[in-house]
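This report concerns only the one structure given below.
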Amino acid sequence: MPHKVSLSRLKLTDFRNYASVSLSFDGRHVVLTGDNGAGKTNLMEAVSLLSPGRGLRRATYGDITRVGATAGFSIFAELAGMDGEVEIGTGVDTTDDSASRRLRINGTPAKSADELTDHLRLLWLTPSMDGLFTGGSSERRRFLDRLVLSLDPAHGRRASDFERAMRSRNKLLDERRFDPAWLSGLEQQMASLGIAMAMARQEMLGLLARLIDETHETSPFPAATLELAGFMDGQFSRPAVDLEDEYAAMLAESRYRDAAAGRTLDGPHRVDLLVRHQQKQMEASRCSTGEQKALLVGLILAHARLVANLTGHAPVLLLDEIAAHLDEGRRAALFDLIDALGGQAFMTGTDRAMFSALGERAQFFTVADGKVFE
Ligand SMILES: Nc1ncnc2c1ncn2[C@@H]1O[C@H](COP(=O)(O)OP(=O)(O)O)[C@@H](O)[C@H]1O
Ligand SMILES: [Mg+2]
């Protein structure tokens, strides 16, 4: 069994519709039920901010801060983390124009939000991801990169450094400054970062595919076949240095073309994640809404297992409205599967009866109008 990471306390101040709320958890799964607009997803969002980035809504800090609050918001959490008991405090002071997120771990200011990944890994599934397979590729890329990040925290830094180098190159090309030394310096950087990014994605998908193969027969959810397309397809068994040279050469050759296009046309920023329903041999985008949801749930749970296997610590799961469209039997199977992962899951729904199959395995809270009752 992987080690269980679990939150024991969550305190919010001026966060969305919560002026002030304090919750204690006993280590079991957490079920939050209440009417639409009660504040269930807001609580999930608060927990999601215990990972680097802007949380599960990717909201601005201004939007997160409670309407009517004068300063900003704060989140405080206590957890049994990957490195033992830890206290995490984070928040933003919106009276400060340069407002970036502040973070304290055990009372000490953290240098970077990446330090959060030493203590917990979070995975989430929300209704806003329902259109993942039918929508644009950038959402799928973001989804893919979050999967990589939960295994390899350095992936985020590589991606943002790549982005920065690419923006500098695009700017030079846009200004028609074809300075070969300057450009090739940036292209070298893009090549080493871009290939590292692409390989990290490829490696994660390989591991995930293997795990899906090993477990799909016992899973109540359909198995997905996963493939990357759009950048150096089929090349990733070759040595990284060769791929870097090739990508750098590709970039050098396409300066005039990219200048005309106004952007860099080749690179890991153009990749798409292709998902297929394995048994049906059908692209996910052409599956029914219910099948797409089932594929997504299966994918997230397989990934959670992968994270647990590789890190030895089960990730905290945020599953917003996950049980809504499942029949009773599938719901019970889902809860068993979640429980078997060995971690703590936060789940929401409008109706408490939907979660009855969890029984004593969960702690139940009612959310109403910015207040929470056990
Ligand atoms: N910054 C904010 N200040 C105050 N209320 C907010 C803020 N942002 C969102 N809300 C309110 O939070 C409420 C609950 O949102 P949510 O958690 O998504 O509900 P649900 O329980 O349906 O998941 C909504 O009514 C919304 O208007
Ligand atoms: Mg909601």
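The values are calculated or read from the model by the stated rules, or taken from the named source; none is laboratory data. These numbers were taken from a predicted model, which means no experiment stands behind them. As a convention, Cβ positions derive from the backbone with ideal geometry for all residues, glycine included, and neighbour counts pool all protein chains shown. These accessible areas exclude ligands, DNA and RNA; they are computed on the full protein's heavy atoms, side chains included. Shrake-Rupley method; radii C 1.70, N 1.55, O 1.52, S 1.80 Å.
Divide by every residue of the chain the summed helix terms, -39500 (n - 2.57) for each DSSP H run of at least 4, and state the resulting mean residue ellipticity at 222 nm, rounded to the nearest 500 deg cm²/dmol.
Numbers: 9 runs with 140 residues, N = 374.
The per-residue figure over the chain is -12500 deg cm²/dmol.
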- Message: Starting from the 7 Å offset along Cα-to-Cβ, what nm value, one decimal, do you get for the label separation of Arg102 and Asp213?
- Response: 5.1 nm
- Message: Step by step: find N for the stretch 83-135, compute 2.2 N^0.38 Å, then divide the Cα radius of gyration by it. What's the final number?
- Response: 1.55
- Query: Name the residues of the stretch 288-313 whose amide N is less than 15 Å from a point 7 angstrom out from the Cα of Thr134 along the C-beta direction?
  - Reply: 288-296
- In Å, the C-alpha Rg and Dmax of the stretch 14-57 are 11.2, 30
- Item | Spin-label zone in the stretch 81-117 - amide nitrogen under 18 Å from a point set 7 Å from the Cα of Thr70 along the C-beta vector | 92-97
- Message: Can you compute the charge dipole magnitude of the chain about its Cα centre, using +1 on each Lys and Arg Cβ and -1 on each Asp and Glu Cβ, nothing else charged? Give it in debye, rounded to the nearest 20.
- Response: 500 debye
- Item | For the chain, with +1 on Lys and Arg beta carbons and -1 on Asp and Glu, the positive-most of Leu228, Asn106, Trp182 along the dipole | Trp182
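Could you state, as a whole-number percent, how many of the C-alpha pairs of the stretch 66-175 are farther apart than 25 Å? If you can, show how the numbers build up before the last one.
Values: 2660 of 5995 pairs.
Across the stretch 66-175, Cα pairs with separations above 25 Å total 44 percent.
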- May I ask you to give the solvent-accessible area per residue for the stretch 26-139, in square angstrom, as obtained with a 1.4 angstrom probe? 44 Å²
- Query: Over what distance in Å are the Cα centres of the stretch 299-314 and the stretch 157-209 separated?
  - Reply: 29 Å
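Could you compute the FRET efficiency for Arg361 and Glu78, with r as their C-beta to C-beta distance and R0 at 22 Å, rounded to 0.05?
Working: r = 21 Å, r/R0 = 0.98.
After rounding to 0.05, the efficiency reads 0.55.
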- In terms of the ratio Rg/(2.2 N^0.38 Å) built on C-alpha atoms, what value belongs to the stretch 145-229? 1.50
- Note on the structure: Per principal axis, largest first, the Cα atoms of the chain extend in Å by 64, 54, 35
- Roll a 1.4 angstrom probe over the protein heavy atoms and tell me the percent of accessible area of the stretch 14-69 that is carbon or sulfur. 44 percent
- the stretch 131-310 - Rg and Dmax from Cα coordinates, angstrom: 18.0, 58
- Message: Suppose each label sits 7 Å from its Cα in the direction of the beta carbon; what would the Asp179-Asn36 distance come out to in nanometres?
- Response: 5.6 nm
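Determine, from the Cβ-Cβ distance of His3 and Tyr256 and an R0 of 56 Å, the FRET efficiency 1/(1 + (r/R0)^6), rounded to the nearest 0.05.
Values: r = 54 Å, r/R0 = 0.97.
Working from the Cβ atoms, E equals 0.55.
Given a 1.4 Å probe, how much area per residue of the stretch 171-214 is accessible, in Å²?
Values: 2200 Å² over 44 residues.
Averaged over the residues of the stretch 171-214, the accessible area is 50 Å².
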- How many percent of the accessible area of the stretch 131-310 is carbon or sulfur, using a 1.4 Å probe? 50 percent
